[in-house]
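Below: one structure, written as structure tokens.
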Amino acid sequence: MAKITIKQIDNKKIWEDFMSLHPEANFLQSWYWGEFHQALKNNIQRTGFYEGSKLVGVMLSIVEDAKRGRYLTVPGGPIIDWDKSDLIEAFVNEIKRIAKEQNCVFVRVRPQLESNDFSKNIFKQNGFINAPMHLHAELTSQLDITKPEEELLKNMRKTTRYEVKKAITLGIKVTGYQLKAARHYQELSLIKEFYDLQIATARRQKFVPFSFEFLNEQFKMFSQKNKALLYRAELDNKLLAEAIIIFYGQEAVYHYGASTDEGRNYPGAYLIQWEAIKEAKIRGMTRYNFWGVSPLDKWEHRFAGISFFKRGFGGQDVEYLHAQDLIINRPKYIINYAVETLRKKIRSV
């Protein structure tokens, strides 16, 4: 067996061709997620793991600066064969090297691995500990969309199916907008409107909203590549709800959503999801990821309501391994751990 060697990948085609061979991969390890973080002025590295001349793994890592200390993240990755110990060893050694080179306090990894004894043992045996906070969605609701539309409707919760059909009967209009260079100013105003609506939704649901720059750069990066749509549900020219859906690889992801006060009285959000599911099917995708949901047994959770909405479409819960931390600078990490633990308690997440 050839020794694992490491090279930086600067060729988009090589990266994306490899990703296309791995149906478990999602947008968090895509070439475009790296470009998005570069637009935010974050330092990224695209690492390739080679066995001889064959590419056998990729890893997008991102340096995040925070007041409590700089750290390295690997979201939804790396994309490797987790049965190969030499690949795992190469991955661990490489993140240690990058973290030390970038003066990071710790590394945080949320791999594209389901949470079970196998995945937990891999990280425990390599010196990781459970992170005090999550890194992107961990408990998700995912729908197999390879079935015919009639079957997908049939498998929905009765009330969800009713709301989808009611939205159609009421004449609610759903439009998906894509950012193109020629229409940049029009679409920029739509993103600004979505950002403002997100702020109002965040106040109502008590979560920390993303910045305008974060949302705008992300949508711009994916939408210009025909990999994201901003959906708007309207009735009589009145905005009811919005959502940003990312289409990548085998998966469409309901990444962000927001609704108006008036929209809460109409089923616009239901029709947005149905239209996005149909679009994903047209694109030949196999699953629709409703992204994060709260645990089924925690009805007091502040996201229980939106989670009930998401699960109504008939998907199955998929739980990824909780974010794992590899400590590089222990004294500084202890401070970070305390800050994040307190923040988690205050935010009830």
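Bear in mind that the values in this text are calculations on the coordinates, not laboratory data. Model, not experiment: these values are computed from the prediction. Every residue, glycine as well, gets a Cβ built from its backbone with ideal geometry; the counts of neighbours run over all protein chains shown.
On the beta carbon distance between residue 296 and residue 68, with R0 = 30 Å, the FRET formula returns roughly 0.40.
When only the Cβ of Lys, Arg, Asp and Glu is charged (+1, +1, -1, -1), the dipole of the chain relative to its Cα centre reaches about 700 debye. Once you order the gyration tensor axes a ≥ b ≥ c over the Cα atoms, which shape class does segment 240-289 get: rounded for a/c under 1.5, otherwise prolate or oblate by comparing a/b with b/c? Since a/c reaches 1.5 and a/b is larger than b/c, the shape of segment 240-289 is classed as prolate. The lysine pair tally for segment 19-155, using Cα distances under 30 Å and a gap of 8 or more places or different chains, is 20. When restricted to Cα atoms, segment 53-137 yields an Rg and a Dmax of 12.8, 41 Å, respectively. Choose one answer from 148, 209, 267: the residue with the largest mean-square fluctuation in a GNM of the chain with alpha-carbon springs under 10 Å. Comparing 148, 209, 267 in a Gaussian network model of the chain, the most mobile one is 148. Remark: segment 184-335 projects, on average over all directions, an area of 11.8 nm² (convex hull of Cα atoms).
Excluding same-chain neighbours fewer than eight residues apart, the aspartates and glutamates reachable from residue 298 by a Cα-Cα span under 19 Å are 138, 317, 319. Dividing the summed -39500 (n - 2.57) terms of all DSSP H runs of n ≥ 4 by the residue count of the chain sets its mean residue ellipticity at 222 nm at -12500 deg cm²/dmol. Along its three principal directions, the equivalent ellipsoid of the chain from the Cα gyration tensor extends over semi-axes of 35, 22, 21 Å, largest first.
Excluding residue 27 itself, calculate the net charge of residues whose Cβ lies under 15 Å from the Cβ of residue 27, where each Lys or Arg counts +1 and each Asp or Glu counts -1. So the environment of residue 27 carries a net charge of +3.
Peptides 3-10, 273-280, 139-146 ranked from most to least packed give 273-280, 139-146, 3-10, packing being the mean of other C-beta atoms within 10 angstrom over each peptide's residues. Distances between placed amide hydrogens fall under 5 Å for residue 248 paired with 253, all partners being 5 or more residues away or on another chain. Does segment 1-127 come out rounded, prolate or oblate, given a ≥ b ≥ c as the square roots of the eigenvalues of its C-alpha gyration tensor, rounded meaning a/c under 1.5 and, failing that, prolate meaning a/b above b/c? It comes out rounded by the Cα gyration axes. The largest-to-smallest principal axis extents of the Cα set in segment 72-207 are 57, 40, 34 Å. Placing unit charges on each Cβ (+1 for Lys and Arg, -1 for Asp and Glu) gives segment 1-152 a dipole about its Cα centre, and among 143, 75, 27 the Cα reaching farthest toward its positive end belongs to 75.
Reported to the nearest whole Å, the Cα centre-to-centre distance from segment 269-292 to segment 45-92 is 29.
Charged side chains reduced to their Cβ positions (Lys and Arg at +1, Asp and Glu at -1) give segment 47-188 a dipole of some 700 debye around its Cα centre.
Largest mean-square fluctuation among 99, 200, 338, in a Gaussian network model of the chain whose springs join Cα atoms under 10 Å apart, belongs to 338. If you take all other residues with their beta carbon under 11 Å from the beta carbon of residue 71, and give Lys and Arg +1 and Asp and Glu -1, the sum is 0. Between rounded, prolate and oblate, where does segment 153-259 land on the alpha carbon gyration tensor, with a ≥ b ≥ c its root eigenvalues, rounded for a/c under 1.5, else prolate if a/b exceeds b/c? Here segment 153-259 falls in the prolate category. The charge dipole of segment 1-89, taken about its Cα centre with unit charges on the Cβ of Lys, Arg, Asp and Glu (plus for the first two, minus for the last two), comes to roughly 380 debye.
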